[in-house]
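**Student:** Got a structure here, written out as structure tokens. Questions coming.
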Amino acid sequence: MKTILSGVFLGALLAICGAAIAAGADVDPVVGTWKLNVAKSTFSPGPALKSQTRVYSQSAQGLTLTQKTVTADGKEQTTTLTSYHADGKDYPVTGGTDFDTVNGKQIDSSTAEFALKKAGKAVGTTRRTVSKDGKTLTVTTDMTDAKGVKSKDVVVYDRQ
């Protein structure tokens, strides 16, 4: 009887520890699909994007962002950032023209900041914040493009 109780206790303990470990592996609140809300966004100097959808997914390797954009002049662009972490290291970006790596840090559970680089040179910053209710993503970007044009965009997305 003692052996059976010990086995049950050990099994329960392992189940509780496993659940605690799983709970510790929190999913980033940005994970999901986000659609641009043009009316709530500002693009300076502009013009505004026609549309944009961001899809964030999370795996053991890190976060992945796939962003599909239709620019003001109707051009379509897909940008991908694969298996990145907000850990202060550079991660490559494919499909973009203004920057080719990001280097991020987590500010709190819902906010991360990223340095944007092109050929190793800093060209801007981005701050990404998910609202407390998890329904809104706000991305604020300050950047200087290859032509030297400075921009500051505050882009608001709704969770899909």
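**Student:** Quickly run through the stretch 127-149 and pick out the residues that are outside any strand (DSSP E or B), at pLDDT 95 or above and not acidic (D, E).
**Tutor:** Passing the criteria: S131, K132, G134, K135.
**Student:** Looking at (1) loosely packed, with under 14 Cβ neighbours inside 10 Å; (2) in contact (Cβ under 8 Å) with a residue 24 or more places away in the chain; (3) not in a strand (DSSP E or B), find the lone condition where K152 falls short.
**Tutor:** Every condition holds for K152 apart from (3).
**Student:** How many residues are modelled with pLDDT of 95 or more and not in a loop (DSSP other than H, G, I, E, B) if we restrict to the stretch 21-49?
**Tutor:** Counting residues in the stretch 21-49 that are modelled with pLDDT of 95 or more and not in a loop (DSSP other than H, G, I, E, B) gives 11.
**Student:** How many of the residues in the stretch 69-83 are surrounded by 16 or more Cβ atoms within 10 Å (Cβ to Cβ) and within 22 Å of P47 (Cα to Cα)?
**Tutor:** 2
**Student:** May I ask you to list the residues in the stretch 95-112 that are in a strand (DSSP E or B) and either of a type in the set (G, A, S) or in contact (Cβ under 8 Å) with a residue 24 or more places away in the chain (or both)?
**Tutor:** V102, G104, A112
**Student:** Okay, moving on. Out of G88, G74, G124, report the one residue that is small (G, A, S), modelled with pLDDT of 95 or more, part of a strand (DSSP E or B) and over 13 Å from the mean Cα position of the chain (by Cα).
**Tutor:** Exactly one residue qualifies, and that residue is G124.
**Student:** Let me ask something additional. Considering only the stretch 28-47, state which residues are more than 21 Å from the chain's Cα centre (by Cα) and free of Cβ contacts under 8 Å to residues at least 60 places away in the same chain.
**Tutor:** A39, G46, P47
The values are calculated or read from the model by the stated rules, or taken from the named source; none is laboratory data. None of the values given here were measured: they were computed from a predicted structure. Cβ coordinates were reconstructed from backbone atoms using ideal geometry, including for glycine residues, and neighbour counts include every protein chain displayed.
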